[in-house]
Amino acid sequence: MVAMIVRRLFQLLFLLFGISFLVFSSMYLAPGDPASMIGGPTATESDLNAIRDNLGLNDSFLTQYGHYLASVVQGDLGFSYQTRQPVSEAIAVRFPNTLKLAIASMVIAIIIGIFAGLISALKHNSWLDVSSTTFALAGISIPNFWLGALLILVFSVNLQWLPVAGLSDPWFTVEGLKQMVLPAITLGTGSAAMIARMVRSSMLEVVRADYVRTARAKGVKERNVIWIHTLKNAMIPVITVIGLNFGALLGGTIITEKVFAINGVGRLMIDAIAARDFPMVQGSVLLVATLFVLVNLVVDIVYTYVDPRIKFQ
Amino acid sequence: MKKNWLLLFTIITALLLSACGGASSKSSSDASEGKTKIPDTFTYASLTDAVGLSPIMTNDSASANVTEHVYETLFKRNVDNEIEPLLAESYENPDENTWIIKLKKGIKFHDGTDFNADAVKYTFDKLRDPKTAAPRASLMAPVDTITVVDDYTVEIKTKYPYGPFLAALSHSNAAIVSPTADQKQDLNKEPVGTGPFKFVSWTPGDQVVLEANPDYRDGAPALKKVVFKVVPEVSTAISMLQAGEVQFIDKVPAEQLSRVQGLKNVNFEKIEGTPEYFLTVNHSKPEFQDPEFKQAIASAIDRDAFVKKLNGLGIRSDSIIGPKVFGYKESADKAGTPYDVDKAKELVKKNGYDKKTLKLLTANRGNYVLMAEVVQAQLAEAGFKVEIETMEWAAFLETARAGKYDLTFLSWSNVTGDGSELLYPNFHSDNVGSSNMTQLSNPELDKLIDQSRTTTDQKAREEYLNQANELMLKENTAVIMYHDVVTAALDNKYTGLELYPNGKWDLSKVTGK
């Protein structure tokens, strides 16, 4: 197991190197000039040249990438072209918001998703199953910007129960929890729907397995059949879906962050791309890629606990 | 068994609902208490975050909204667009190249140091130093030397007579910074100026907090604490205004106008503004230098119909120098080529303009896409073949700068409110390849623009600008789609907001009602 973890982390280094090269070259080749984004339309050619010199943008691609790589290896993600703030500092401000939102959404998604999926599978073809699959279909189909705006109108503007936007208060305060409710529901609904569908199909498969029939024949209580024999074995694909969803949520969720004015990694990244703020784009993409790999590593480790037959070489 | 499941489901649902309900009822009481208890905290919803908080190092409106409350300029434009002294006391021109500026005495920066002639020299020298790489270094381009005459007098010599110099000095990027603070800290993160508000904190991406400057020379502002909160989605900002979480928004888009005007707790204000939007041909392409081609384009575009689509947020005038900009004359309002689709059709047919497909380049923000769609349809009616090419802002700027288009829409916010500062960057051949994205190079026009810039006689300047304007209208250099209307929506518990034609605003006189 330890060897596997070390190997995966080692692979991560190569992956990050590849990603950094891809991102750097695509930003370099993309149309748009960081200097003119700083100078704005009013800047004259001499203003722009001074800015380019200052940022080292007049150097060749390889020199620029070489400089970047040299500082990243030393743990320095560089400075934002736009704000001249260290990239790591900018990410450190945003990431906690993304993390708490991702966790809150995942909690909602897992509770609702597993519950709805279970009911659906156990009451196969009943009205409960139909309503649960309808919910799942709606959850996947409804776009976040629409659901977010709708929730704001109903719960914040009309009922005035919850704040419209923001996520700046600490999560353990009442205000912080209230701020989290609407964005977490907005984000969690889609994941809940995916989890519900996965739980349902996986359960339906396992419920028909021979060992479940044997367990029932042996007179094991129905509750134990469901929770111990069936659900646990049906969890493998569900954990994969949860892992992928959580990884995606950690990468920032641009639309939900925008609708709820949340200062997260997704918005940081999209603003940086729009402003051609190369170091900021690089830094946030590297963070997202690392998190995604780590989450998947954790998922793999969890597999071995859920199903002891799975062993890593 | 069945019953157990149903029971569990009901209990969990009830728990979830009660959790939501419990939290929410408290929230509403908190909110209502907040409103009555602390009217001192005043929140403005900004669509974008500030880039930095130093006037020297920034050139965007979100940053300027903050810096204009922390720093001050030597001169400023008032709500009637006239230039008046702010940190300056008075000025004189012993000759056309010399500006002797007397400064107000007894003003202190927020760090306690004195505002004086040294601070002015320090700020302007830093702004124009190429090592600084200031985005608006060009404001100081005509400056030759800056000399401290005494503690409260500065002498600035320009390389040539520079007419719009006071307009340049009233630009927010020419605000005076505290030299002591600038040497000690990064003003981009911790600004120190002489303005009515002092800096408290900045959480990048989230909010900037300012507090009233108790030692301000005109008395401390009534708002004790001002928050510039980043709310990137305009409909969320309006919801926050409606729910009382935000007290002020600006730049209300036309499609949200009826919603904002319908809010009972909000006063909506609009005034004629200096920003403008125009259609131009790519003047570097020989085929578009044909006067009849430009005439056909101008005749085909029904600007009245377009302005109607803006729900009152656009002003219809042919004049390239807008009604709120120095150099405007009313006679230019209708001096452009009038809408005449039959004339356009005739010219298209006669010259075979329908044989080539034109590329209409447009940015994918604001009203640009709407303009493109309307103009495409109108040009098609006259017989032109037009394809729209939409790009995001950064790519658009680069493409337009490089002149890789046939037709495009450009805009200019006219922050200085001076006609020379509109015509020189956009239409003078000096700036082709950078700010002159029209790619125009017209010696006759260049000369008039130069004359308007190189005399300090304001009457003569007005005349040169008018001549330049008339020449451009005669030659259909650009087709003005609309001049902007500047908007603000303020919570009706407050009053005293000063809104300027260039879209800027001042919170220092805002009070509770």
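Before moving on, here are some points about what is shown:
- Among the listed pairs B:LYS324/B:LYS404; B:LYS76/B:LYS324; B:LYS198/B:LYS504, those with a Cα-Cα distance over 23 Å are B:LYS324/B:LYS404.
- Within the listed set A:SER141, A:SER284, A:SER46, the residue fluctuating most in the Gaussian network model of chain A (springs between alpha-carbon atoms under 10 angstrom) is A:SER46.
- Within the protein assembly as shown, helix-based [θ] at 222 nm, where runs of 4 or more DSSP H residues each add -39,500 (n - 2.57), nearest 500: -15500 deg cm²/dmol
- Average beta-carbon neighbours from other chains, 10 Å sphere, peptide A:151-164: 6
- Pairs of alpha carbons in region A:96-274 separated by more than 31 Å make up 26% of all such pairs.
- Rounded to the nearest 20 debye, dipole of the protein assembly as shown from Cβ charges on Lys, Arg, Asp, Glu: 4580 debye
- Under the membrane-span-like helix rule (DSSP H runs whose alpha carbons stretch at least 27 Å along the helix axis, mean Kyte-Doolittle hydropathy 0.0 or higher), chain B yields B:2-37.
- The magnitude of the dipole of region A:96-274, with charges of +1 and -1 set on the Cβ of Lys/Arg and Asp/Glu and taken from the Cα centre, is near 700 debye.
- With a Förster radius of 35 Å applied to the C-beta separation of A:TYR28 and B:GLN183, the computed FRET efficiency comes to 0.45.
- Phi to ³J(HN,Hα) by Karplus 6.51 cos²θ - 1.76 cosθ + 1.60 over region A:215-221, Hz, x for Gly, Pro: 4, 5, 4, 6, x, 5, 4
- Extension gain (nm, one decimal) between A:ARG208 and A:ALA274, 0.36 nm per residue minus Cα-Cα: 18.6 nm
- Label-reachable residues, region B:471-511, where backbone N falls under 19 Å from a point 7 Å from B:LYS264's Cα toward its Cβ: B:490-494
- Shown here is the pair-distance distribution of region B:60-197: with all Cα-Cα distances grouped in 5 Å bins from zero up to the longest one, the shares run 2, 10, 20, 26, 22, 14, 5, 1 percent.
- Considering only A:ALA149, B:ALA133, B:PRO501, and ranking their Cα positions along the charge dipole of the protein assembly as shown that arises from unit charges at the beta-carbon of Lys, Arg, Asp and Glu, the one farthest toward the positive end is A:ALA149.
- Overall form of region A:91-145 per C-alpha gyration tensor (a/c, 1.5; a/b vs b/c): oblate
- Label-point separation, B:VAL149 to B:GLU498 (7 Å along Cα→Cβ), nm: 2.6 nm
- Residue-averaged beta-carbon neighbours from other chains (10 angstrom radius) around B:51-60: 4
- The shape of region B:173-297 comes out oblate: with a ≥ b ≥ c from the C-alpha gyration tensor, a/c is at least 1.5 while a/b does not beat b/c.
- Applying a DSSP loop filter and a limit of 14 other Cβ atoms within 10 Å to the chymotrypsin sites (Phe, Trp or Tyr not before Pro) in region B:443-513 leaves nothing.
- Taking 16 Å as the straight-line reach from the Cα of B:LYS285, the aspartates and glutamates in range (excluding those fewer than 8 positions away in the same chain) are B:ASP406, B:GLU475.
- Cross-link partners for A:LYS232 among the aspartates and glutamates, with Cα-Cα distance under 20 Å and sequence neighbours closer than 8 places in the same chain left out: A:GLU205, A:ASP210, A:GLU222, A:ASP300, A:ASP307.
- Unit Cα scatterers, Debye sum, chain B: log10 I(q)/I(0) for q = 0.07, 0.10, 0.14 Å⁻¹: -0.45, -0.85, -1.43
- Extension reserve of the A:PHE145-A:GLU222 stretch, reckoned as 0.36 nm per residue once the Cα distance is removed: 23.5 nm
- Per-selection Kirkwood Rh - region B:152-200 (Cα, Å, 1 d.p.): 13.2 Å
- On Cα atoms only, tilt of A:87-122 relative to the major axis of chain A in degrees: 20 degrees
- Neighbouring Cβ atoms from other chains, within 10 Å of the Cβ of residues in B:128-141, number 5 on average.
- Subtracting the Cα-Cα distance of A:SER126 and A:LEU99 from 0.36 nm times their residue separation leaves 6.0 nm of extension gain.
- Cα-based Rg of region B:309-428 normalised by 2.2 N^0.38 Å, two decimals: 1.18
- Ordering of B:156-166, B:185-195 by burial proxy (mean other Cβ atoms within 10 Å per residue, highest first): B:185-195, B:156-166
- Note on the protein assembly as shown: Kirkwood radius taken over Cα pairs, Stokes-Einstein applied at 20 °C and 1.002 mPa s, translational D equal to 72 µm² s⁻¹.
- Think of chain A as a dipole: +1 on every Lys or Arg Cβ, -1 on every Asp or Glu Cβ, centred on the Cα centre; then among A:ILE108, A:VAL73, A:ASN97, A:ILE108 lies furthest on the positive end.
- Shape class for region A:185-313, computed from the alpha carbon gyration tensor (a ≥ b ≥ c): prolate, with a/c not under 1.5 and a/b above b/c.
- Given B:LYS329/B:LYS350; B:LYS309/B:LYS356; B:LYS184/B:LYS270; A:LYS100/B:LYS509; B:LYS157/B:LYS224, the pairs whose alpha carbons are separated by over 31 Å: B:LYS329/B:LYS350; B:LYS184/B:LYS270; A:LYS100/B:LYS509; B:LYS157/B:LYS224
- The H on the amide N of B:MET391, modeled in the peptide plane, is under 5 Å from the matching H of B:THR362, B:ALA363, B:ASN364, each at least 5 residues off or on a different chain.
- Rh (Kirkwood; distinct C-alpha pairs) - chain A, Å: 22.3 Å
- Once divided by 2.2 N^0.38 Å, the Cα radius of gyration of region A:2-75 becomes 1.50.
Computed from the coordinates by the stated procedures, all read-outs in this text should not be read as laboratory data. In this text the structure is predicted, and so the values were computed from the model without any measurement. Backbone-built Cβ (ideal geometry, glycine too); neighbour counts: all protein chains shown.
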